[in-house]
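Following: one structure in structure tokens, then a few remarks.
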Amino acid sequence: MTQSQAPVSLKLLLPLLASIMAVSPFAIDLYLPAMPEIAQYLSTEMPAVQNSLSIYLVGYAVGLLMFGPLADKYPRRYLVLFGLIGFCIFTLALLLAQNIEQFITIRFLQAMVSSAATVVVFGTIREYYGKNTAKGLSYVSMIMMLAPMIAPSIGSFFLFIHSWQAIFVALTVYALIVLILVAFYLPNANAKGKLEQQGDQGSVVSESAKPPTFLKRYKIVLSHTGARMDLISSMMVSLAFFAYITAVPFIYMTVFGVNEYWFSILFALTVMALMIAHFTNSRMVVRKGSRQMQRYGLTVAVISSVGLVTVNLMSLPLAFTITFVLPLMGSISMIAVNTDAMVLQEFAEQSGTATAVIGVLRFGIGGLAGPILAIFYDGTAIPFSLLMASSIMVVLVCQLIRYNTQERVLNKEL
């Protein structure tokens, strides 16, 4: 569907999609300040409560595998409603947990069912923005970035005025508000042709074509040679991103001795860098194209990652690390959003499945960041810097391979 055919204003649709996507960041970050109190309430140790965060990511990835192909088969609005209703039920169920085993199990189910709501977002953006998908993704990501920025503060507020239970009640209320908005305003479309869709070449998707099976959809995505290098690139920039998320408290507070106040300031600066990158991308991608914006981001990422390794090998002050971390994180987000957009462009009828593949690869590789950093731990910021730089270099190699392969194909055609 083209933008002119959309029955809902994009000015309303994009914030709504961002609100849906923000459910998981809120679920992840809102309860962080309450972890010690939850551990005390459940008579367990702090690491056990921290594991609930990893369990949430695993549950989310499993849910994506389940619901991705369904998003290509059934109306998206129904899937979002199902996901949000389930999320509300399991969020409230957390209040009834009597031990850490119950708490972790409910967190897994909460995450798994929530993915039914979020898995449709990328496909909806692709449907309404077409070749300008990266622009829509940038807008949604920019709005969504507010969630991790403000979530810990909101969680601390509810913890101060009441208890950890109030945090999950507030999370339920947020999901209910989004649920009501979805019921009234989210278009009831899917990739089968319930609403007229057009691919990149303007061809209308046939309604009479027999839909592929659940596993066939995954085979279509994973066997697509044109998207393979971009999928690997998306996965590796996610490794760099999660390396930062995992290591930054240690790097700032232990290696450089920053206090909690300045850590929150520096973390907020990183979020601002991500938002600026998304805003810049949204303004330029229509003129330059996703591939060119990906190259701009990769160029900045290579320079910044090499600089980050250099300043940490030389044991220079924190200011030098920040100087390279901020553009590196911004460029990573620019690479990710444009790479994801180009992958989605390849799969007009399997956008939900493609989103699931991207998400599973992203969270799967992201879960390795902690163990990798633990293996190479030496009490400095060098392993963190090297992991981020190595991830970017793999992206560079993937894009060079993709470019050379494309050149060979063009030469054969000529």
Multiply the residue separation of Glu45 and Phe160 by 0.36 nm, subtract the distance between their alpha-carbon atoms, and state the gained length in nm to one decimal.
-> 39.2 nm
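May I ask you to compute the full-extension gain from Val58 to Phe376, defined as 0.36 nm times their residue separation minus their alpha-carbon distance, rounded to one decimal in nm?
Working: separation 318, 0.36 × 318 = 114.48 nm, distance 2.38 nm.
The Val58-Phe376 span can extend by a further 112.1 nm.
Based on the mean of other beta carbon atoms within 10 Å per residue, what is the order of 356-366, 392-402, most packed first?
356-366, 392-402
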What FRET efficiency, computed as 1/(1 + (r/R0)^6) with R0 = 30 Å and r the Cβ-Cβ distance, is obtained for Arg295 and Arg408, rounded to the nearest 0.05?
-> 0.95
Taking the Cα centre of segment 225-413 as the origin, how large is its charge dipole in debye, to the nearest 20, when only Lys and Arg (+1) and Asp and Glu (-1) carry charge on their Cβ atoms?
-> 460
Distance from the Cα centre of segment 62-138 to that of segment 259-326, in angstrom?
-> 29
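Kindly identify segment 265-322 as rounded, prolate or oblate by the Cα gyration tensor criterion: order the square roots of the eigenvalues as a ≥ b ≥ c, call it rounded if a/c is under 1.5, otherwise compare a/b with b/c, prolate if a/b is larger, else oblate. List each step's numbers first, then the result.
Details: a/c = 5.26, a/b = 1.69, b/c = 3.11.
Since a/c reaches 1.5 but b/c is at least a/b, the shape of segment 265-322 is classed as oblate.
Among rounded, prolate and oblate, which fits segment 48-110 when a ≥ b ≥ c are the square roots of the eigenvalues of its C-alpha gyration tensor, a/c under 1.5 means rounded, and a/b larger than b/c means prolate?
Working: a/c = 4.04, a/b = 1.81, b/c = 2.24.
Here segment 48-110 falls in the oblate category.
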Measuring from label point to label point, each 7 Å out along Cα→Cβ, what is the Leu269 to Leu96 span in nm?
-> 4.7
Using a 10 Å cut-off on Cβ atoms, rank the peptides 49-55, 379-385 from the highest mean neighbour count down.
-> 379-385, 49-55
Potential extension, Ser153-Thr254 segment - 0.36 nm per residue separation minus Cα distance | 34.1 nm
Diffing segment 279-290: the Karplus 3J(HN,Hα) column from phi (6.51, -1.76, 1.60, θ = phi - 60°), in whole Hz with x for Gly and Pro, holds 5, 4, 5, 5, 7, 10, 5, 5, 7, 8, x, 5
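Every number here is computed from the coordinates shown, using simple stated rules; none is lab data. From a predicted model like this one, the values you see are computed outputs, not experimental measurements. Cβ atoms come from the backbone with ideal geometry, glycine included; neighbour counts cover every protein chain shown.
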